[in-house]
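The values are calculated or read from the model by the stated rules, or taken from the named source; none is laboratory data. This structure is a prediction, so every number in the text was calculated from the model and none was measured. Here Cβ is always computed from backbone atoms with ideal geometry, including for glycine, and neighbour counts include all displayed protein chains. The area values use the complete protein model at the heavy-atom level, side chains included, leaving out ligands, DNA and RNA. Shrake-Rupley method; radii C 1.70, N 1.55, O 1.52, S 1.80 Å.
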Number of protein chains: 2
Amino acid sequence: MKELQERIQKDGIAVNEDILKVDSFINHQVDPELMEHIGEEFANHFKEQGITKIATIESSGIAPALMTARSMGLPLIILKKQPSKVLNDHLFQTEVSSFTKGTSYELTLSSKFISEKDHVLIIDDFLANGEAATGAIRLIRKAHATVAGIGILIEKSFQPGHEKLVSQGFDVYPLVRIGHMQAGQIEFLES
Amino acid sequence: MKELQERIQKDGIAVNEDILKVDSFINHQVDPELMEHIGEEFANHFKEQGITKIATIESSGIAPALMTARSMGLPLIILKKQPSKVLNDHLFQTEVSSFTKGTSYELTLSSKFISEKDHVLIIDDFLANGEAATGAIRLIRKAHATVAGIGILIEKSFQPGHEKLVSQGFDVYPLVRIGHMQAGQIEFLES
């Protein structure tokens, strides 16, 4: 997506080989017009997939996922992060560990909002090692629902997340792919 | 706002005198069309206030705040919750304690995204004791910016938050006011 790539070139900050700051338009300050265009782009790409619900992981995926849900006329489900396991019969839960950050959390989803008939489109801001996306997939499968696709704003293509998901047969659609970074420099791949 | 009040009557669950569950359309599953109408309502109410930025507190205010930002053509700032104080010169921070939950967190805002020229509209889902809103106000004032108004989806008018904010001279605009609750029953006040 040209608009997002140009915005990253203009306002994104490559801190080092791994860290890209996009907090002036995606993560901390959010540009609603850009989010609307992103939502339209995902809606257009996934329109033939029979999707019934959009899901995202709390909290930086909420803005683009809401705009995608709006464009597709579908409900959004926010997968919630809990610090530890909650005892509740009506809750699907799975542990997500971030190797890079050395942290873990329980991702949770109420069984009220998902059924085996659902075809779910997962939207998230970044795809790097794929830990969060893999957790979301596990959670959706616990509900016996189908993962119909994965829409990503920014893929760090030099990390293994994309390959992991595609090798499992998922339709992964990154709007922007980054092949290499170093401080002050970002190299994009063709989408 | 009639649409929101009717939706609460239909899908909200009063668990007891204090707890109202709206997780099927606001908090966990989100109805994008309702959020869009809410955004238009806030935009209309606050349109003459010279607002420059919308702010909300991570994470259940993000959806209505994004739609308000979209309707007003303004950036959204997400005030981030951190478990503990972060040492950073470019970050405004304030501690928010929830007496009811017995928890506290650091609310943070990067100085890059706010200046003394800003007139900020705060959007949040609930107003009860006003702890989160008061924290957001403190943070915005640390940046010497002006709080131009506070838009709330659901006010628990039997708790002191509204009175606390109004007595400090703030323009508080709740879309729905609840006067009393008990299990299975919600009494609304006129807005």
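If one puts a single equal scatterer on every Cα of the range A:105-191 and applies the Debye formula without solvent, what log₁₀ I(q)/I(0) results at q = 0.12, 0.14 Å⁻¹?
-0.39, -0.51
Excluding ligands, DNA and RNA, what is the accessible area buried between chains B and A, summed over both sides, using a 1.4 Å probe, to the nearest 100 Å²? Please list the in-between numbers first.
On the way: alone 9730 and 9720 Å², together 16910 Å².
For chain B against chain A, roughly 2500 Å² becomes buried.
Solvent-accessible area of A:M1, probe 1.4 Å, all protein chains present, reported in Å² to the nearest ten, please.
The accessible area of A:M1 comes to roughly 40 Å².
Can you list the copy-to-copy distances for B:V166, using a point 7 angstrom from Cα toward Cβ, in nanometres, shortest first?
5.9
From the label point of A:N129, set 7 Å from Cα along Cα→Cβ, how far away are the matching label points in the other copies, in nm, ordered shortest to longest?
For A:N129, the inter-copy label distances come out at 3.7 nm.
Summarise the partner chain shielding of A:58-69 as one whole number: the mean count of Cβ atoms from other chains within 10 Å of each residue's Cβ. Show your work: numbers first, answer last.
Values: counts 5, 7, 5, 1, 9, 8, 1, 3, 10, 4, 1, 6.
Neighbouring Cβ atoms belonging to other protein chains average 5 per residue here.
Only loop residues by DSSP count here, and only those with at most 15 other Cβ atoms within 10 Å; note down the GluC sites (Glu not before Pro) in the range B:54-158 that meet that.
Here the sparse-neighbourhood loop sites are B:E116.
Among the residues of the range A:94-117, which ones have their accessible area go down by 50 Å² or more when all the protein chains sit together, as opposed to their chain alone (1.4 Å probe)?
A:F113
Accessible area per residue for the protein assembly as shown in Å², computed with a 1.4 Å probe and the full protein assembly in place, what is it?
With all protein chains present, the protein assembly as shown gives 44 Å² per residue.
Could you compute the FRET efficiency for B:V15 and A:E190, with r as their C-beta to C-beta distance and R0 at 41 Å, rounded to 0.05? Mind showing how you got there, number by number?
Working: r = 52 Å, r/R0 = 1.27.
So the FRET efficiency works out to roughly 0.20.
What's the carbon and sulfur percent of chain B's accessible surface, probe 1.4 angstrom, rounded to a whole number?
Details: 3980 of 8460 Å².
The value for chain B is 47 percent carbon and sulfur by accessible area.
Using only the alpha carbons of chain A, what is the convex hull's orientation-averaged projected area in square nanometres?
With every direction weighted equally, the projected area is 10.2 nm².
So what is the calculated 222 nm ellipticity per residue for chain B, using -39500 (n - 2.57) for each DSSP H run with n of 4 or more, over all residues, to the nearest 500 deg cm²/dmol? Write down the numbers at each step before the final one.
Details: 5 runs with 54 residues, N = 191.
When only DSSP H runs of four or more count, the value is -8500 deg cm²/dmol.
With charges only on Cβ, +1 for K and R and -1 for D and E, what is the dipole size of the protein assembly as shown about its Cα centre, in debye, rounded to 20?
620
Report, by chain and number, residues whose modeled amide H sits under 5 Å from the one on B:S104, excluding near sequence neighbours (fewer than 5 apart, same chain).
Counting only residues 5 or more places away or on other chains, the set is B:S98.
With a Cα-only, solvent-free Debye model of the protein assembly as shown, what are the log10 I(q)/I(0) values at q = 0.09, 0.12, 0.15 Å⁻¹?
Here the Debye-derived log intensity ratios amount to -0.51, -0.94, -1.50.
Lys and Arg at +1, Asp and Glu at -1: add these up for the other residues within a Cβ distance under 15 Å of A:S191 and post the number.
-3
Going toward the positive end of the dipole of the protein assembly as shown, with +1 on Lys and Arg Cβ and -1 on Asp and Glu Cβ, which of A:F113, B:H144, B:V96 do you reach last?
B:V96
Specify the longest stretch of chain B that does not include any exposed loop site, a site being one of the trypsin sites (Lys or Arg not before Pro) with a non-H, G, I, E, B DSSP assignment and at most 10 other Cβ atoms within 10 Å. Before the final figure, lay out the partial values.
On the way: sites that count: B:K101, B:K117.
Longest gap between qualifying sites, sites excluded: B:1-100.
Which distances, shortest first and in nm, link A:Q49 to the matching position in the other copies, using label points set 7 Å out along Cα to C-beta?
Spacings between copies for this position, smallest first, are 3.8 nm.
Of A:K10/B:K21; A:K21/B:K85; A:K47/A:K164, which ones are farther than 32 Å apart at the Cα?
Table pairs above 32 Å Cα-Cα are A:K10/B:K21.
If you count only protein heavy atoms and use a 1.4 Å probe, how large is the accessible surface of B:H119, to the nearest 10 Å²?
Roughly 70 Å² of B:H119 is accessible to a 1.4 Å probe.
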